[in-house]
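The values are calculated or read from the model by the stated rules, or taken from the named source; none is laboratory data. Since we're looking at a predicted model, the values are computed, not measured. Cβ placement follows ideal geometry from the backbone for every residue including glycine, while neighbour counts extend to all protein chains displayed. The protein model used for the area step is the full one, side chains on, heavy atoms only, and it has no ligands, DNA or RNA in it. Shrake-Rupley method; radii C 1.70, N 1.55, O 1.52, S 1.80 Å.
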Amino acid sequence: MKIIAVDDEKLALESILNIIRRVRPSAAVTGFQDALSALDFVAKHSCDVAFLDIEMREMNGVTLAKKMKSLNPKINIIFTTGYAEYRKDAFELHASGYVEKPVTPERVLEELAELRHPVISRNAAKLRVKTFGNFEVYADGKPLDFRYSKSKEMFAYLIDRNGALCSNGEIMSVLWEDEDHISYMKNSRADMINTLKKCGHEDVVVRQWGRLGIDPEKIECDYFAWNKGDVRAINAYRGEYMNQYSWAEITHASLQTSFEEQK
């Protein structure tokens, strides 16, 4: 379960974060002191529950909730406030819950147990990537179906870079051979992220201004395991690496040299 909490008062935010972590120790919990940062997070990441303070200076919680639900209609909104008069607004917005301050562990636990949109338990397994032979990506044991071949190839290149951030220019030069295809690049990037988002794994992609990468710790990959000296990965190598992509020959040559030295 992924939970965020938003409150522009530092002490209040720390208090509710501590409570959430206490009653849901397995949840991924993130806190924000400003509404815009929280909104940006929801736009880029899947989120199951949002605890929102209503009385905030920058943007009140009701407005923030409306914006969040436009991005993610299934997000569970739980308002936290010291003012009972906002119950009507919460009801009209179809919020999941309403907790009056001071927030207690008992009330948080009650609201998380009765969510308006039940949270479907995600497979704890990491996204699985196969690079030895043909490149393939699996979620819940099934191959991911990217809309565009370049979306899949873009993800393959990020895997090959093993966590290094790659500029848009670098990715274009590799995938489109130095031609300026910024519109294709944007479409492929959006499709790659949306495909990963559908299976709950969009957080494997690391995004910075003009650069992309992946988080190797969130991916189960034979190539990553090889680099760590995993015996199973070494035994799985049969002299082939991302056969579909010519740019993978550099890594392939390095793997082959290392493999020959280990004989």
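Let me check against my output: what whole-number percent is the relative contact order of the chain, with C-alpha pairs under 8 Å and at least 6 apart?
The normalised contact order for the chain reaches 15 percent.
R0 = 45 Å: FRET efficiency of Asp8 with Arg211, Cβ-based, nearest 0.05?
According to the calculation, E is roughly 0.90.
Determine the gain in length on full extension of the stretch Tyr184-Asp230; use 0.36 nm per residue of separation and subtract their C-alpha separation, reporting nm with one decimal.
Result for the pair: 12.8 nm of gain on full extension.
Please identify every one of the chymotrypsin sites (Phe, Trp or Tyr not before Pro) in the stretch 187-233 that sits in a loop by DSSP and has no more than 11 other beta carbons within 10 Å of its own beta carbon.
Trp209
Ignoring ligands, DNA and RNA, what accessible area per residue does the chain give at 1.4 Å, in Å²?
Counting only protein heavy atoms, the per-residue value for the chain is 54 Å².
Compute, for the stretch 1-66, the length of the dipole vector about the Cα centre, with Cβ point charges of +1 (Lys, Arg) and -1 (Asp, Glu) only. Units Debye, rounded to 20.
Dipole of the stretch 1-66, to the nearest 20 debye: 360 debye.
Just the number, please: percent antiparallel of the DSSP beta bridges in the chain, rounded to the nearest 5.
Approximately 35 percent, going by the DSSP bridge assignments.
If you add up the charges near Tyr148, with Lys and Arg at +1 and Asp and Glu at -1, over every other residue whose beta carbon is less than 15 angstrom from its beta carbon, what do you get?
The answer is +3.
Rounded to a whole number, what % of the accessible area of the stretch 221-263 do carbon and sulfur atoms account for, probe 1.4 Å?
The value for the stretch 221-263 is 51 percent carbon and sulfur by accessible area.
Less than 19 Å from a label point 7 Å out along the Cα-to-Cβ axis of Glu220: which backbone N atoms in the stretch 135-157 qualify, by residue?
Counting backbone N atoms under 19 Å from the label point, the list is 135-145.
Could you give the length gained by full extension between Ala28 and Glu249, i.e. 0.36 nm per residue of separation minus their alpha carbon distance, to one decimal place?
That pair, Ala28 and Glu249, stretches by 75.7 nm at full extension.
What is the Cα radius of gyration of the chain over 2.2 N^0.38 Å, N being its residue count?
After normalising by residue count via 2.2 N^0.38 Å, the value is 1.21.
Could you look at the stretch 115-176 and say what percent of its accessible area is carbon and sulfur, using a 1.4 Å probe and all protein chains?
That share works out to 46 percent.
Counting each DSSP H run of 4 or more residues in the chain as -39500 (n - 2.57), what helix-only mean residue ellipticity at 222 nm follows after dividing by all residues, to the nearest 500 deg cm²/dmol?
-12500 deg cm²/dmol, from helical runs alone.
Return a whole-number percent for the relative contact order of the stretch 13-77, with Cα pairs under 8 Å and 6 or more residues apart as the contact set.
Contact order relative to length: 29 percent.
Out of the stretch 137-167, which chymotrypsin sites (Phe, Trp or Tyr not before Pro) are coil in DSSP terms and have no more than 16 other C-beta atoms within 10 Å?
Sites meeting the loop and neighbour criteria: Tyr148.
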